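Undergrad: Can you read through this structure? Questions will come right after.
Just so it is clear, none of the values below were taken in a lab; they were calculated from the coordinates. From a predicted model like this one, the values you see are computed outputs, not experimental measurements.
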């Protein structure tokens, strides 16, 4: 096979060679183009996301919360389906409180899922629906469609107020 200096083209050519001739030496080296490392044993395959030790990633737990930079709002996880957030469509249930700890009701919420290492967003825009008078909202679908670090920002505009943003960063496994 001719050598090329274009890494993506080399990956395509290697993948095509491996698909056509599975016994070719060098195929199945455990590296995929998605950033995932696959370890194969005789009985199982385990995937460890490349971002598993990334310091940017937050560990999901019920009660995980974060505040906007100006301290105007705090968003706290009540639930996530699946939990922790995973590849595909996710549904988050969160509470939103103001600086005094009071529920924020009737807010407009714009959610953006962004992959900083790849420079793209999710093509699906989640919607937020108020569930009660305690500042509880359901945000769905939070679509994180590939493995890696995802920053999900919720821009909250309280009724008659100014927008504040809160960002959560998760490592999504493949």
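Undergrad: For residue 131 and residue 79, calculate 0.36 nm times their separation in residues minus their Cα-Cα distance, and state this gained length in nm to one decimal. Intermediate values should be presented prior to the final figure.
TA: Working: separation 52, 0.36 × 52 = 18.72 nm, distance 1.29 nm.
Taking residue 131 through residue 79 to full extension adds about 17.4 nm, to one decimal.
Undergrad: Follow-up. Find how many whole Å separate the alpha carbon centroid of the range 59-126 from the alpha carbon centroid of the range 133-147.
TA: The range 133-147 and the range 59-126 have Cα centres separated by 7 Å.
Undergrad: Classify the range 76-117: rounded, prolate or oblate, from the alpha-carbon gyration tensor (a ≥ b ≥ c, eigenvalue square roots; a/c under 1.5 rounded; otherwise prolate if a/b is larger than b/c)? Write down the numbers at each step before the final one.
TA: Numbers: a/c = 2.43, a/b = 1.70, b/c = 1.43.
Taking the square roots of the gyration eigenvalues as a ≥ b ≥ c, the range 76-117 is prolate.
Undergrad: Quick one, can you get me the convex hull of the C-alpha atoms of the range 74-174 expressed as volume per residue in Å³?
TA: Working: hull volume 9.0 nm³, N = 101.
Convex hull volume per residue, Cα atoms: 89 Å³.
Undergrad: Let me ask another. By its C-alpha gyration tensor, with a ≥ b ≥ c as the square roots of the eigenvalues, how is the range 134-174 shaped: rounded for a/c under 1.5, else prolate for a/b larger than b/c, else oblate? Can you show the working numbers first?
TA: Values: a/c = 3.39, a/b = 2.19, b/c = 1.55.
Here the range 134-174 falls in the prolate category.
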